[in-house]
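Single-structure report; data block below.
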Amino acid sequence: MATCKLLGSEGIYNSDDGGNYVIYSKFTADATGKVIEIHVYSSANGHAKIAIYSDNSGEPGDKITGNDNSQAVTANQWNTLTIADTDIISGTVYWLGVAIETTGNSCKSASSGGVKRNKSIIYGTFSWPSSAGTGFSSSSSLSMIAGYGILMLSPVGISQPVSYGTPTVSIFGILISPQGISVIVSYGMPSLRYPQTISPLSIVQPVSIGTPWLGIFGFIKPQSAIQPVVIGLPTILKYVWHVILDGQYATVTPEVNRAYIIGRDQYGNPVYGTAVNTNEVTLLGERLDFQSDPAIPTAAQAGDVAAAVLSKMRLMGKNGVIFIPPNCGQELFDVVQISDSAANQSAVKFRIVGMRFEYNPGQAIYQHRLILGAP
């Protein structure tokens, strides 16, 4: 990535800074941007640590960012040292810090033309403090150290979606993406009033509505807005009541409440399976049915056939017919719940196994005949 100098000095000078020292050099930022690396000119091989501090009334202030890792430097050249990305504002004063391992190993300097603060440290145990503190020696020399990074420009003539909440816009501009990249800015937390068009014309924008109340005629949404709606936990009516004009009902006990199936495996040995309706046995005693079917080869399949026999008995044990006004939503095999006090039916479930529509103007008949079976 191409970078440019945002603050610091690019000159090459003849003096050397001492080893086991921490040095803070004062610079005013030349441009607004994001520092991503520090360049240091060294006169000897060794190591260095770097940091950026704020200004406190002309003295080093609080740490903005610092790298406590010891990074190698090579003699007689500019060395690029890594540091966390740091926003820099043009015209603002900063202090570039460098901790030096050995005498003359980093940060050549000029004897005048700058502002520096330094003090003795033990390099091997040194880490950047949250505040630079006091106890420095002062110097007017100029260090060979500079912060490089990405330049930030204020856009001119750029069309861009704008934040819809109450955005905070920095006066020094915004970061511009590479050309050809569409950037969408955060939309904040808009206050919505209904009805209205939420987005500017030609912009499609999903809008979070919250938990709307749903009425029987639907819900309101802004005009021309495409929006997923969080429904919450609406109450849905699942049952519709219909008047029963007439009805006949029958619920009989099953003829069989225990089935015993005998099959035969591949070697000719008998296999057995059984199923039982415990509730019916408790009420009426056991009504046993034996059936032999040599085509059933396993005990598991014999048990399945026995269960099917009891299921058939259950389905045959409930039947009837009701007459209701025409119901356009009625479908075959629906399960209905019937309450008919005259016939001692209270929330009894049946399945619609047959359906007939009857219309006879001469006899004033206009009704559905529904044939009932077990659910």
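Values quoted throughout were computed directly from the atomic coordinates according to the rules given, and no laboratory measurement underlies them. In this text, all values refer to a predicted model and were calculated from it rather than measured experimentally. No Cβ is skipped: glycine too gets one built from the backbone with ideal geometry, and neighbour counts run over all protein chains shown.
Data overview
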item: For segment 8-85, convex hull volume per residue from C-alpha positions, Å³; result: 111 Å³
item: R0 of 30 Å, Cβ-Cβ distance VAL281-GLN330: FRET efficiency to nearest 0.05; result: 0.25
item: Anchor LYS63: lysines whose Cα lies under 28 Å away (excluding residues fewer than 8 positions away in-chain); result: LYS5, LYS26, LYS34, LYS49, LYS108, LYS116, LYS119
item: Per-peptide average of other Cβ atoms within 10 Å, ordering 44-56, 330-342 highest first; result: 44-56, 330-342
item: Loop-located GluC sites (Glu not before Pro) in segment 244-291 whose Cβ has at most 10 other Cβ within 10 Å (DSSP); result: GLU255
item: Eligible lysines near LYS318 by straight Cα distance, threshold 20 Å, same-chain separation 8 or greater; result: LYS349
item: Other-chain or far-sequence residues with amide H under 5 Å of ILE145's (modelled H); result: SER9
item: Reciprocal of mean inverse Cα separation for segment 4-151 (Kirkwood radius, Å); result: 14.6 Å
item: Packing rank of 269-275, 59-65, where each peptide gets the mean count of other beta carbons within 10 Å, highest leading; result: 59-65, 269-275
item: Rounded to whole Å, sorted largest first: equivalent-ellipsoid semi-axes of segment 50-93, Cα gyration tensor; result: 23, 12, 11
